[in-house]
Amino acid sequence: MHATVTFHEKMPLVGTNRSGHKTLFDMSKEVSPTALAATPLDAVLQALGGCSMMDILSIIRKMRKEPISLTVDLEAERAEEHPKVFTAIHINYRLASPDATLADLEKAAGLSMEKYCSVAAMLRASGCKITWATELS
C-alpha cells in the first residue's frame, strides 16, 4: 500500500492513494471555523464503519439475503491526555432487508468485528475496546 498527503498553502490536506482516489482532511471546527473536511481521527472512525459494513454486506449476500440498506452509527471515547487515542467505540448496525433476520445480522457483525475487519483489529491492538449492537429497520 502507498499513500501521499499534501498541503498547498491552505487547508484541507489532500490524501491520495495509489489508485488516485482523494481524501480531504481538515482541523475540527473548534480549531478552524472554516473546516471543510473530516479530521484524521474522524476518518479513522469512519473507516471502522466502512470496513465493517463492507464485511457485513458481503457476508449477508453470501447468506443469500438481500440487503436494502445498512447504517452504522459509531460513538467513540478518547483518552484525556495526549495522544488522545480512542479508548472505547460502540457501533450500532441497522439493516433493512426483506429476508435477513436479526440473527443473520448478528452473525455477520460478529464475524466482521472478531475476524475480518482490519481497522477493528488495529484499533483493538492499540487497546481500544469495541462493542456493537444490531437492529433491523
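Every number in this text was worked out from the coordinates using simple rules, so none of it is lab data. This structure is a prediction, so every number in the text was calculated from the model and none was measured. Here the Cβ is made from the backbone with ideal geometry for all residues, glycine too, and neighbour counts use every protein chain on show.
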_Amide proton proximity set for Trp132, modelled H, under 5 Å, gap of 5+_ = Ile91
*Using only alpha carbon pairs under 8 Å that are at least six residues apart, calculate the relative contact order of the chain and give it in whole percent.*
19 percent
*Could you tell me the number of lysine pairs in the chain with C-alpha atoms less than 17 Å from each other, where the two lysines are 8 or more residues apart or belong to different chains?*
8
*Whole number please: convex hull volume per residue of the Cα set in the chain, in Å³?*
140 Å³
*How high is the relative contact order of the range 1-58, in percent, with contacts defined as C-alpha pairs under 8 Å that are six or more residues apart?*
21 percent
_Amide H contacts of Arg78 (H built 1.01 Å from N, under 5 Å, at least 5 apart or other chain)_ = Thr87
*Sort out the exposed loop GluC sites (Glu not before Pro) in the chain (DSSP loop, at most 13 other Cβ within 10 Å) and tell me the longest stretch that has none.*
82-137
*Going by how many other beta carbons lie within 10 Å of each one, how would you line up Val44, Val5, fewest first?*
Val5, Val44
*So what are the ³J(HN,Hα) numbers for the range 87-92, from phi and the Karplus equation (6.51, -1.76, 1.60; θ = phi - 60°), rounded to whole Hz, Gly and Pro as x?*
9, 8, 9, 10, 10, 10
_Per-residue [θ]222 nm for the chain (sum of -39500 (n - 2.57) over DSSP H runs n ≥ 4, rounded to 500)_ = -9500 deg cm²/dmol
